[in-house]
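**Q** First the structure, which I've put down as structure tokens, then a few questions once you've had a look.
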Amino acid sequence: MPAIWTVDDIARIGSADELRIAVQSPDGTLRNWVPIWVVSVGEQVYVRTWYRRDNGWFGQVVDTARARIRVPGLEITVTVDDVGSDLAPEVRRSIDTAYLAQYGRFGGATVDRMVTDEAAATTLRLTPEPGH
């Protein structure tokens, strides 16, 4: 059975302005921490990008499928699933709505990029590794 987020984890992630992510190499070493936007929908945690898909943190994490994340009060290793091309329309709408609600205060152009079809195609689901 896959690991799930605890209620406390979801609350911490939901109240954070940003999540910091460090791509975890196969040998366990971490690359640099990068701040990114994160949302939770139900009991799932999602991140996406609107640029630099093949390089930077996004390209690296898709290649390794593992990362270390942290928000205040929480730092854990997660598995990363590229779900962007498989999102059901209602899940996509829920994730878009979460981005708009959580980051809308930063202004139209900035958050609007995160809910485009192109950005939605980069949606990644983060799942805590067992033993969390």
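**Q** How many of the residues in the range 88-115 are closer than 15 Å to Y46 by Cα and not in a helix (DSSP H, G or I)?
**A** Number satisfying all stated conditions: 3.
**Q** In the range 1-28, how many are under 21 Å from Y46 (Cβ atoms) and out of contact with any Phe, Trp or Tyr (no Cβ under 7 Å at 6 or more places or on another chain)? Give the derivation first.
**A** Taking the range 1-28 as the starting set, the residues that turn out to be under 21 Å from Y46 (Cβ atoms) are 1-24.
Now restrict to residues that are out of contact with any Phe, Trp or Tyr (no Cβ under 7 Å at 6 or more places or on another chain): 1-17, 19, 24.
Residues in the range 1-28 being under 21 Å from Y46 (Cβ atoms) and out of contact with any Phe, Trp or Tyr (no Cβ under 7 Å at 6 or more places or on another chain): 19 in total.
**Q** Kindly indicate which of G42, G84 is touching a Leu at 6+ places or on another chain (Cβ under 9 Å) and small (G, A, S).
**A** Values: G42 fails: touching a Leu at 6+ places or on another chain (Cβ under 9 Å).
Answer to the check: G84.
**Q** Would you confirm whether or not the range 38-49 contains a residue that is surrounded by 15 or more Cβ atoms within 10 Å (Cβ to Cβ), among the aromatic types (F, W, Y) and out of contact with any strand residue (DSSP E or B) (no Cβ under 6 Å at 6 or more places or on another chain)?
**A** Scanning the range 38-49 turns up no residue that is surrounded by 15 or more Cβ atoms within 10 Å (Cβ to Cβ), among the aromatic types (F, W, Y) and out of contact with any strand residue (DSSP E or B) (no Cβ under 6 Å at 6 or more places or on another chain).
**Q** Right, something else. Just checking, does the range 83-104 include any residue being closer than 19 Å to P130 by Cα and among the small types (G, A, S)?
**A** As a first pass, look at the range 83-104 and keep what is closer than 19 Å to P130 by Cα: none.
There is no residue in the range 83-104 that is closer than 19 Å to P130 by Cα and among the small types (G, A, S).
**Q** A further question on this structure: Quick check on my filter: what residues within the range 65-87 are of a type in the set (D, E, K, R) and assigned to a helix (DSSP H, G or I)?
**A** D86
**Q** While we're looking at this one, here's another question. What are the residues in the range 24-40 that are closer than 24 Å to F106 by Cβ and either of a type in the set (F, W, Y) or more than 11 Å from the chain's Cα centre (by Cα) (or both), if any? Don't jump to the end; show me each part of the working.
**A** Within the range 24-40, the first condition is being closer than 24 Å to F106 by Cβ, and the residues that meet it are 32-40.
Scanning the range 24-40 gives N32, W33, V34, W37.
**Q** Also, I was wondering about something else. On the given criteria, is T127 under 12 Å from the mean Cα position of the chain (by Cα), modelled with pLDDT under 95 and either assigned to a loop (DSSP other than H, G, I, E, B) or among the hydroxyl-bearing types (S, T, Y) (or both)? Show your work before the answer.
**A** Details: under 12 Å from the mean Cα position of the chain (by Cα): yes; modelled with pLDDT under 95: no; either assigned to a loop (DSSP other than H, G, I, E, B) or among the hydroxyl-bearing types (S, T, Y) (or both): yes.
No, not satisfied.
**Q** Would you point out which residue out of G59, G84 is surrounded by 17 or more Cβ atoms within 10 Å (Cβ to Cβ), free of Cβ contacts under 8 Å to residues at least 60 places away in the same chain and either within 11 Å of the chain's Cα centre (by Cα) or under 15 Å from R125 (Cα atoms) (or both)?
**A** On the way: G59 fails: surrounded by 17 or more Cβ atoms within 10 Å (Cβ to Cβ).
Just a single option satisfies the conditions, and that option is G84.
**Q** For the subset of the range 1-28 comprising residues that are out of contact with any strand residue (DSSP E or B) (no Cβ under 7 Å at 6 or more places or on another chain) and of a type in the set (S, T, N, Q), which member is surrounded by the fewest Cβ atoms within 10 Å (Cβ to Cβ)? Walk me through it before giving the result.
**A** Our first condition is that a residue be out of contact with any strand residue (DSSP E or B) (no Cβ under 7 Å at 6 or more places or on another chain); within the range 1-28, this holds for 1, 4, 6-8, 11, 15, 17, 25-28.
Now drop any that are not of a type in the set (S, T, N, Q), which leaves 6, 15, 25.
Working: T6: 13, S15: 11, S25: 13.
Step by step, filter the range 1-28, then rank; the result is S15.
**Q** On to the next question. From R31, R105, grab the single residue that is surrounded by fewer than 18 Cβ atoms within 10 Å (Cβ to Cβ), touching a residue at least 24 places away in the same chain (Cβ under 8 Å), farther than 24 Å from V7 by Cα and out of contact with any Phe, Trp or Tyr (no Cβ under 6 Å at 6 or more places or on another chain). Before the answer, list the steps.
**A** Numbers: R105 fails: touching a residue at least 24 places away in the same chain (Cβ under 8 Å).
Residue meeting the stated conditions: R31.
The values are calculated or read from the model by the stated rules, or taken from the named source; none is laboratory data. Predicted model only: the values in this text are computed from it and were never measured. Positions of Cβ are generated from backbone atoms using ideal geometry, with glycine treated the same way; all protein chains shown enter the neighbour counts.
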